[in-house]
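> The following block contains the structure, expressed as structure tokens.
The values are calculated or read from the model by the stated rules, or taken from the named source; none is laboratory data. Note that the structure is a prediction, hence the values are computed from the model and not measured. Heads up, the Cβs are rebuilt from the backbone with ideal geometry, glycines too, and the neighbour counts pull from every protein chain shown.
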Amino acid sequence: MLDAIPRIGGLRGRPRNRPRRLFADRGYDFDKYRRLLWKRGVKPLIARRGVAHGSGLGKTRWVVERTFAWLHQFKRLRIRYERRADLHHGLLQLACCIICLRRLQASSQKDQ
């Protein structure tokens, strides 16, 4: 997979074939992956298993995942047909309005 990464431009001189660093999550925390990256000249920055990261991200992650699940109910957002960002953004706003309307209707029915 590392060989499939395209050349990286931006710095002066010849473009690099490989990145200098590779960030990965805890799913890749194995010595064989670290050794493979070091051999290819890439510094592995892989999160360690069993070590608390202390950022508290897991406490609110479910909110983001739930929101993505709500947005994926809309096929035009799940499969992006629009090439223009402004059209996609408009559909995203419309979907958020529909989601809020449904939530408000559901909460008002509970109150009755």
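> For the structure I just gave you, tell me whether A106 is under 30 Å from A24 (Cβ atoms), of a type in the set (A, V, I, L, M) and either outside the structural domain of D25 (by TED's automatic domain parsing) or modelled with pLDDT of 85 or more (or both).
No.
> Somewhere in region 23-45, is a residue within 19 Å of the chain's Cα centre (by Cα) and without any contact (Cβ under 8 Å) to a residue 12 or more places away in the chain?
Yes.
> Now for a different question. From the list L36, L101, L45, pick out the single residue that is in contact with a Phe, Trp or Tyr (Cβ under 6 Å, 6 or more places away or on another chain) and not β-branched (V, I, T).
Only one candidate passes the filter, namely L45.
> Only one of (1) within 30 Å of I99 (Cβ to Cβ); (2) at pLDDT below 85 is not met by L2, so which one is it?
L2 satisfies every listed condition except (1).
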